[in-house]
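The values are calculated or read from the model by the stated rules, or taken from the named source; none is laboratory data. This structure is a prediction, so every number in the text was calculated from the model and none was measured. Neighbour counts run over all protein chains shown; Cβ positions are idealised from the backbone, glycine included. Heavy atoms of the whole protein, side chains included, go into the accessibility calculation; ligands, DNA and RNA do not. Shrake-Rupley method; radii C 1.70, N 1.55, O 1.52, S 1.80 Å.
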Amino acid sequence: MPAATLWQALADLVLPASCAGCSREGQPLRLEVCGDCAAAVQALRAAPTRPDPPPPGLPPCVALGDYAAELRELILSFKERGRHRLARPLGALLAEAVAATVPPSAPVLLLYVPDTTAAARARHGDHLRALTRAAADRLREAGRVVAVAAPLRALPKADSAHLSSAQRAAAAAAGFAMRSRGMADVRRAAPGSVTLLLDDIVTTGSTLAAASELLAGAGVRVHGCVVLAATRRIPPQRAIWS
Ligand SMILES: [Zn+2]
């Protein structure tokens, strides 16, 4: 999959509106994105990332880029600003990260961190499911053997913005339950599949760790996590007056 032609391969030009990456108006757009922003995110290359400190149980994690600049704006536009057409190019970028992680001959089982029911309703559908399906389509076009399963269900959660990272980890651990229907899809995946857990952003890693541990308890070993973006952890402030 030559990344430089990814956007062009996905869609024809559409009527100009504001670019989902830079908000400029009057630029020719493909799938909501101007040429400059498409080039910027297509130049990103997947690399290992690790929150510091990593939460217990976090599998090896790969991110396409930092949660910054055009990539951040595209994720926010897709998740929070109703730019649903970004599912295809963002899913294709996620597919690039998966393809960079797994040998071409290995079958892949893609799992994802689901939205809560409330979040999915606000976003007109589970945004990670849409990304995962788009990534799977792209990988299949490239000749990969790919299955998608949804063995996790997100439980309703309180706003975690005010919580400490320890409290966030505890909340994340209680955030998921298993779905028996999804487990049936896991069992149908090709034998020897590399099992990857997808999400859009990794911050503390507590969500991915909690989901992976729950899956492990149900007999599903997650080999790795693949995300679009990793936030840079800001080190705790040193007391300046001491
Ligand atoms: Zn742009």
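Of the residues making up the range 65-80, just one is open to solvent by less than 10 Å² (accessible area, probe 1.4 Å) and under 22 Å from ALA172 (Cβ atoms), namely ILE75. Only one of the listed residues (ALA190, ALA184, ALA177) is over 16 Å from the mean Cα position of the chain (by Cα) and assigned to a strand (DSSP E or B). That residue is ALA177.
Selection of the range 7-39 for residues being open to solvent by 10 Å² or more (accessible area, probe 1.4 Å), farther than 16 Å from GLY82 by Cβ and modelled with pLDDT under 85 yields GLN8, ALA9, LEU10, ALA11, ASP12, LEU13, LEU15, PRO16.
Within the range 93-142, the set of residues being open to solvent by 50 Å² or more (accessible area, probe 1.4 Å) and farther than 21 Å from GLY224 by Cβ comprises THR117, ALA118, ARG121, ALA122, HIS124, GLU141. Only residues that are over 17 Å from the mean Cα position of the chain (by Cα) and away from the ligand (no atom under 12 Å from the Cβ) were counted in the range 26-69, giving 7.
Of the residues making up the range 143-158, those that are in a loop (DSSP other than H, G, I, E, B) and either of a type in the set (Gly, Ala, Ser) or open to solvent by 20 Å² or more (accessible area, probe 1.4 Å) (or both) number 9. If you check ALA184 against the conditions, is it under 21 Å from VAL226 (Cβ atoms), modelled with pLDDT of 90 or more and aliphatic (A, V, I, L, M)? So ALA184 fails the test. Only residues that are acidic (Asp, Glu) and surrounded by 19 or more Cβ atoms within 10 Å (Cβ to Cβ): list them for the range 177-212, please. Within the range 177-212, ASP199, ASP200 meet the criteria.
Note on the range 81-92: residues that are more than 16 Å from the ligand (Cβ to nearest atom) and either closer than 21 Å to THR204 by Cβ or buried (at least 20 other Cβ atoms within 10 Å of the Cβ) (or both) amount to 4.
Would you be able to say whether some residue in the range 89-112 is under 26 Å from ALA122 (Cα atoms), touching a Pro at 6+ places or on another chain (Cβ under 9 Å) and not charged (D, E, K, R)?
Within the range 89-112, one or more residues are under 26 Å from ALA122 (Cα atoms), touching a Pro at 6+ places or on another chain (Cβ under 9 Å) and not charged (D, E, K, R).
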